[in-house]
Amino acid sequence: MTPPPSPPILLTPGPLTTRSETRQAMLRDWGSRDPAFIALTAELRRRLLAIAAGEATHVAVPLQGSGTFIVEAAIATLVGPGDKLLVLVNGAYGDRMVTIARRMGRAVDVLRWPEDQAVDPASIGERLAADPAITHVALVHCETTTGILNPLAEVASVVAGAGRAFLLDAMSSFGALPIDLAATPVTAVLASSNKCLEGVPGLGFALVEAAALAAAAGRSPSLSFDLHAQWRGFETDGQWRFTPPVQVVAALVEALKLLEAEGGPAARLARYQDNFATLWSGMRRLGFQLFLPEGLQAPIIATFHLPPGLAFRPFYDALAERGFLIYPGKLTQAETFRIGCIGALDRRDFDRLLAAIAAVLAPA
Ligand SMILES: *Cc1c(COP(=O)(O)O)cnc(C)c1O
């Protein structure tokens, strides 16, 4: 057996494998109220907005915490006590938005599809026509539960056509899959530092329509999860309201420079597609089956059936010993495991992974 590579290769959808430049950007201290860090925050907000071409209409509001924190803050700030949120659910992250809205005491309705089916724009249009009380619609772009890609442009156009606000959980797609706010009507895009942007974990951000955010003053029932107040803080003195994760911000700005140098989201998507294609053709040769129909699969994370006789834990441990960390499944109805295609990895890493899997499967 070859010695494990160091550090481990994370085939997880975040935290994920980062470039050494990104990690090295964390090796200094920053005063959070110092002009240098205020300038870094301004650069972060500018670069995030530019990725989605939102400069003319949207503002970028970063928030301390994991991705769920920004989803919670966006629902708290944008969906008011008299509003009603329709959540489109075909996986665990859609369900999480339902839970958040209920805990917040907001009126919620749910449209549900099986985990191996994309949401269907036509039935969304019907539900919006039937229920004028619905003010907001929420969609998960890439449902990381399975890796399924939902039809963003079609859903956005149905929701905008019905005159409702649209919240997009783009956590596992932002920075790779195309999101163009100049062409696609989205009220708020939500994502985090540690997925396709290839930063380290510790902050989420919302790109919110300035008009919608300006109208949301004082609406959040939470002090910390208030995107309007967070935004006013940045606009007033350029500072974060509460202690910022300064090293995470520095790493993310470095990661955004690396994204630009790579050629932007289109080039990153091409690399992830190559990773996925390498993984899937190798896995097929080894006898594994994808959980999703190939046409619905985003090149972000792949869900495979666990073959009979293979238990996840020993499989995980044997691969971890060889330096690769894979991900358990998150499905109720099938025994699966997942392999992320995102992070600072290319096809050579997947070739090495496939060799490790073949070695683990080989009879002793
Ligand atoms: C990762 C992810 C989140 C947020 O998860 P955290 O563990 O809170 O970072 C939300 N939605 C989707 C689709 C995700 O992939």
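The values are calculated or read from the model by the stated rules, or taken from the named source; none is laboratory data. These numbers were taken from a predicted model, which means no experiment stands behind them. Ideal geometry is used to build each Cβ from the backbone, glycine not excepted, and the neighbour counts take in all protein chains shown. Areas reflect the complete protein model, heavy atoms only, side chains present, ligands, DNA and RNA absent. Shrake-Rupley method; radii C 1.70, N 1.55, O 1.52, S 1.80 Å.
Quick rundown of the values:
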{"quantity": "Å² per residue, accessible surface of segment 20-260 at 1.4 Å", "calculated": "36 Å²"}
{"quantity": "Cα centroid separation, segment 55-97 to segment 119-146 (Å)", "calculated": "14 Å"}
{"quantity": "Gain on full stretching of the segment that runs from S32 to Q239 - 0.36 nm per residue minus C-alpha separation", "calculated": "73.8 nm"}
{"quantity": "Partner lysines for K257 [C-alpha distance under 19 Å; skip if fewer than 8 residues away on the same chain]", "calculated": "K195"}
{"quantity": "Segment 20-260, accessible surface, carbon-and-sulfur percent (1.4 angstrom probe)", "calculated": "54 percent"}
{"quantity": "Rg/Rh ratio calculated on Cα atoms of the chain (Kirkwood radius)", "calculated": "0.98"}
{"quantity": "Computed magnitude of the charge dipole of the chain (debye, nearest 20; Cβ of K, R +1, Cβ of D, E -1)", "calculated": "480 debye"}
{"quantity": "Residue-normalised accessible area of segment 271-323, given per residue in Å² at a 1.4 Å probe", "calculated": "44 Å²"}
{"quantity": "Two-site FRET efficiency, A359 against Q117, from Cβ-Cβ distance with R₀ of 35 Å, rounded to 0.05", "calculated": "0.45"}
{"quantity": "Residues A153 and R46, FRET efficiency given R0 of 35 Å [Cβ-Cβ distance, rounded to 0.05]", "calculated": "0.85"}
{"quantity": "Burial order of peptide ranges 157-170, 259-272, 328-341 (average beta-carbon count within 10 Å, highest first)", "calculated": "157-170, 328-341, 259-272"}
{"quantity": "Estimated FRET transfer efficiency (K257, R219; beta-carbon r; R0 41 Å; 0.05)", "calculated": "0.70"}
{"quantity": "Cross-link reach list, aspartates and glutamates versus K330, counting only Cα pairs under 15 Å and skipping chain neighbours closer than eight places", "calculated": "D95, E115, D116, E143"}
{"quantity": "Size of segment 44-167 as Cα extents on the principal axes (Å, biggest first)", "calculated": "40, 32, 27"}
{"quantity": "Estimated 222 nm signal from helices in the chain, with DSSP H stretches of n ≥ 4 weighted -39500 (n - 2.57), rounded to 500", "calculated": "-12500 deg cm²/dmol"}
